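The values are calculated or read from the model by the stated rules, or taken from the named source; none is laboratory data. What you see is a predicted model, and the numbers here were worked out from it, not measured in a lab. Here the Cβ positions follow ideal geometry from the backbone for every residue, glycine too, while neighbour counts run over all protein chains shown. Surface accessibility is based on the protein's heavy atoms, side chains included, excluding ligands, DNA and RNA. Shrake-Rupley method; radii C 1.70, N 1.55, O 1.52, S 1.80 Å.
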Amino acid sequence: MTGTGHASMRIETSAGSILCDPWVNPAYFASWFPFPDNSLLDWKELGDVDYLYVSHLHRDHFDAKNLKENISKKATVLLPEYPTSQLEDELRELGFTKFFKTKSNEVHELDGGLKVMIQALISPTDGPIGDSSLWIEHEGIRVLNQNDARPTDLGIFAELGHVHAHMLQFSGAIWYPMVYELPESAKTAFGKQKRDRQFDRTWRYIDDLKADHVFPIAGPPCFLDDELWQFNDIFGDEGNIFPDQGVFLEEYAKVGGTNGIVLLPGSVTELSEKEATTTHPTDLAEFFKNKKQHLEEMRERKAPIIAAEKASWRHPEIDVLGELKKRIEPLLEESIYMAQGVGGPVRFDLTDSFGTSGEVIESIVVDFPGKQVRPYADEKVRYRFKTGRALIEHLIHIDEGDWVNSLFLSCRFSAARIGQYNEFVYAFFKCLSEERLQYAEGWYDEHEKAVESEDTQLGEWTVQRRCPHLKADLSRFGIVDGNTLTCQLHGWKFDLPSGRCLTSVGHKIRAEKNA
Ligand code: FES
């Protein structure tokens, strides 16, 4: 297995090679770059493969430019079973023609006895409607590339036999809490909680599978634009949510983990049933010690790329309000669950810069109850976002239907909200196309109707067995402390006496104190 950066790796077997998630070009408005830099690898050579696996459409996994320019179109794409055909369509557009359409959670045998299984997660909150993990078996060696997917448990993979290598995400990949307009001390506290939770979840998955070797992958990205530089974990900030692979090894050691292997771009692990032998292109400890210097050099090399991208965003001729009206109002009309879930107006303050600096030159409200997009009218809003008008112009220009996979992940915005986190706000702006909206609405509809009849015992409480968030089994993920239940899968909290979800709007839990 060759490390090729972020969630990417190339796996060689005598029955063929598989390249996973080959990301190299910046993503999300040139905010995210792979860390460590993998752009000096020979991508033509790496791209000459038998199989390609693109786990999902997030741009740090699906890199259209690299896929188009460097990855062999003779490769057979191992396709996850997603409810929409967007991933396949986009790959076809790039020139791929050979697809092996897997069935979720089914083992498929390919030529030469290479076995693969892809688990596709398909809730509106999994990736851009869909995220997946790839399991591989060849000659008695099993590998699980869990990628950044969050299955409720790994039982289905464990049942297929002992796993030798487990690759999984451990670092942050979100805008929370950094972009929220909060006092610094609150941001640090929330960030620290999140950082701890990320590690706790990682330990839980590792413990679930008990693989021989564990590979921290799929993050962190690095931020090379001056406006985002502070998000890199190089300032000793305990609230930074982007710890790197070196920190992973340290934290893992604290909980007794001794089987972690970090792959730098170009590192190679030879895996057998008995052992894993890894060679690195440079000294590992030294590399992480000099991280800041690596980032500074990278920042200099990539500055022209960022400048060129920025130069392409402005389209001042676009009537932003008019275009958003045209695109979003029909979707507001059709949306039942998400519109209700958001439940109030959401305001966009648009600045004359590429982010939050500069002056606000236009204020637009997406009014969910009123099913309207209109100028802001001095009212109370549930959520307020502030970003560059140029970014919205660009999204309209390229007809982007997923603002999470573009604007929000760019972190080039700030946010303020009244009340709790509202997952429906982000779910809606992920679904700015008919196909996605219909899918998400249908999913919520079914989800809502699924009667959660099974219970479980947690301490002194009888609670519904499945988490109201994404159905994690609370007999495994639930922890009760006093009157508060925490589901460890995503850290959501519930007040047991009232059933109220303390993390997000809606999502009541059924709970009763034992007599
Ligand atoms: S499934 Fe997400 S917090 Fe429980």
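Do we have Leu409 as modelled with pLDDT of 95 or more, part of a helix (DSSP H, G or I) and under 30 Å from Lys493 (Cβ atoms) here?
Yes.
Per-residue answers, yes or no, for (1) open to solvent by less than 10 Å² (accessible area, probe 1.4 Å); (2) in contact (Cβ under 8 Å) with a residue 40 or more places away in the chain:
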site: Lys371; (1), (2): no, yes
site: Ala377; (1), (2): no, no
site: Lys380; (1), (2): no, no
site: Gly388; (1), (2): yes, yes
site: Leu391; (1), (2): yes, yes
site: Gly419; (1), (2): no, yes
site: Phe429; (1), (2): yes, no
site: Leu437; (1), (2): yes, yes
site: Glu441; (1), (2): no, yes
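Taking the conditions exactly as written (more than 30 Å from Gln86 (Cβ to Cβ), within 15 Å of the ligand (Cβ to nearest atom) and touching a residue at least 24 places away in the same chain (Cβ under 8 Å)), does Leu458 satisfy them or not?
yes
Go over the candidates His166, His138 one by one and state the one that is open to solvent by less than 40 Å² (accessible area, probe 1.4 Å), touching a helix residue (DSSP H, G or I) at 6+ places or on another chain (Cβ under 6 Å) and at pLDDT 95 or above.
So the residue among His166, His138 that is open to solvent by less than 40 Å² (accessible area, probe 1.4 Å), touching a helix residue (DSSP H, G or I) at 6+ places or on another chain (Cβ under 6 Å) and at pLDDT 95 or above is His166.
So which residues in the range 460-511 are within 25 Å of Gly155 (Cβ to Cβ), among the polar types (S, T, N, Q) and out of contact with any Asp or Glu (no Cβ under 8 Å at 6 or more places or on another chain), if there are any at all?
Those that are within 25 Å of Gly155 (Cβ to Cβ), among the polar types (S, T, N, Q) and out of contact with any Asp or Glu (no Cβ under 8 Å at 6 or more places or on another chain): Ser475, Thr486.
Hey, can you tell me all the residues within the range 468-478 that are within 11 Å of the ligand (Cβ to nearest atom) and either at positive phi or not in a loop (DSSP other than H, G, I, E, B) (or both)?
Result: Lys471, Asp473, Leu474, Arg476, Phe477, Gly478.
Evaluate the range 211-225: report whether one residue or more is of a type outside the set (S, T, N, Q) and without any contact (Cβ under 8 Å) to a residue 12 or more places away in the chain. Show your work before the answer.
First, the residues of the range 211-225 that are of a type outside the set (S, T, N, Q): 211-225.
Filter once more, keeping what is without any contact (Cβ under 8 Å) to a residue 12 or more places away in the chain: none.
No: zero hits.
Restricting the range 484-501 to residues that are away from the ligand (no atom under 11 Å from the Cβ) and open to solvent by 70 Å² or more (accessible area, probe 1.4 Å), which is farthest from Phe190 (Cα to Cα)?
Pro497
Could you tell me which numbered condition Gly401 fails, if it satisfies all but one of (1) part of a loop (DSSP other than H, G, I, E, B); (2) open to solvent by 30 Å² or more (accessible area, probe 1.4 Å)?
The number of the failed condition is (2).
Write out, first by first residue and then by second, each pair whose Cβ atoms fall under 6 Å of each other, whose residues are 6+ apart or on separate chains, and whose first residue, in the range 474-498, is closer than 22 Å to Asp148 by Cα while the second is in a helix (DSSP H, G or I) and within 14 Å of the ligand (Cβ to nearest atom).
Note: pairs meeting the criteria are Cys487/Phe477; Gln488/Phe477; Leu489/Phe477; Gly491/Arg197.
Can you tell me which residues in the range 443-467 are open to solvent by 50 Å² or more (accessible area, probe 1.4 Å), farther than 18 Å from His507 by Cβ and polar (S, T, N, Q)?
Gln457
Hey, any hits in the range 317-337 for a residue that's touching a Lys or Arg at 6+ places or on another chain (Cβ under 7 Å) and loosely packed, with under 12 Cβ neighbours inside 10 Å?
Scanning the range 317-337 turns up at least one residue that is touching a Lys or Arg at 6+ places or on another chain (Cβ under 7 Å) and loosely packed, with under 12 Cβ neighbours inside 10 Å.
Within 27 Å of Ala27 (Cα to Cα) and either away from the ligand (no atom under 16 Å from the Cβ) or modelled with pLDDT of 85 or more (or both): does that describe Glu393?
Values: within 27 Å of Ala27 (Cα to Cα): yes; either away from the ligand (no atom under 16 Å from the Cβ) or modelled with pLDDT of 85 or more (or both): yes.
When the stated conditions are applied, Glu393 passes them.
What is the residue count in the range 36-48 for residues that are touching a Gly at 6+ places or on another chain (Cβ under 8 Å) and either modelled with pLDDT under 95 or open to solvent by less than 10 Å² (accessible area, probe 1.4 Å) (or both)?
2
Please enumerate the residues belonging to the range 2-24 that are in contact with a Pro (Cβ under 9 Å, 6 or more places away or on another chain) and open to solvent by 10 Å² or more (accessible area, probe 1.4 Å).
Thr2, His6, Arg10, Val24
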